[in-house]
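A short worksheet on the structure shown next.
The values are calculated or read from the model by the stated rules, or taken from the named source; none is laboratory data. Everything numeric in this text was worked out from a predicted model, so none of it was measured. Counting neighbours? That spans all protein chains shown, and the Cβs are built from the backbone with ideal geometry, glycine included. Areas reflect the complete protein model, heavy atoms only, side chains present, ligands, DNA and RNA absent. Shrake-Rupley method; radii C 1.70, N 1.55, O 1.52, S 1.80 Å.
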Amino acid sequence: MAPASFTSRFKQSVTPDALRAYLAEFISTFFYVFAVVGSAMASRKLMSDSVTDPSSLLLVAIANAFALSSTVYMAANVSGGHVNPAVTFGMAVGGHISVSTALCYWVSQMLASVMACLVLKVTTVSQDVPIYTIASEMTGFGASIVEGVLAFGLVYAVYTGGDPRNGPLKGIGPVVIGLMAGAMVLAAGPFSGGSINPALAFGSAVVAGRFKNQAVYWVGPLIGAAVAGLVYDNVVFPVQASVPGRVNSDGTTGV
């Protein structure tokens, strides 16, 4: 029985619609990472001390908000516009997508992030790709908690923005998600780095060849995302029934 179930789930993960969803996630994640990491590199190029200059943080936060809003919108009707392994994990925990589909999303997102950072590394020549680091006065545990709180806020916004019960407000979902991401970067950038996105931290670390504190950017966001999904679906806004015409996170439509 188990092998048959696994086979059927695998087949559902390699349908034409599923493959289009993976491609949509790859494209959106690529441009999101390119914009966010590129903005950090641009700030280092323009400012003599971008580490302590507040305008550098503002630049990255604005880039994060604009890029995430745009890329979520680009992929929303095809893949759900996750653009983030933590969001995908939160959706999987909430039962909105299958585990096999979530894993394929992860592969697409991480490959896209590595490719975006690699393009930046090759084309800028003299600049190193920046990696996410935690403040010297913070512990890895504390940084994980911060990143978890950030991910909770972001994934909660994703759930809210994609809920068809919001009626006309559902159309501004990508904007709300982007604004939340930008606000989170402003709040936590100097402390934990404000990644919120495991693929973003992973791609820059792979290209830079430095993986220090990489677990911080996976453990915290994944736990925060899972809690956000469970709280939204089971406590605050429990789903009573399938909503007709709803576009699910895997690109399928409710009936």
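What to note about this one:
- Of the candidates Phe6, Phe10, Phe30, the single residue that is open to solvent by 30 Å² or more (accessible area, probe 1.4 Å), modelled with pLDDT of 95 or more, more than 23 Å from Asp163 (Cβ to Cβ) and in a helix (DSSP H, G or I) is Phe30.
- Scan of region 23-73 for residues that are touching a Phe, Trp or Tyr at 6+ places or on another chain (Cβ under 8 Å), touching a residue at least 40 places away in the same chain (Cβ under 8 Å) and not acidic (Asp, Glu), ordered by number: Ala67, Leu68, Ser70, Thr71
- All positions within region 33-78 that are surrounded by fewer than 19 Cβ atoms within 10 Å (Cβ to Cβ) and of a type in the set (Val, Ile, Thr): Val51, Thr52, Ile62
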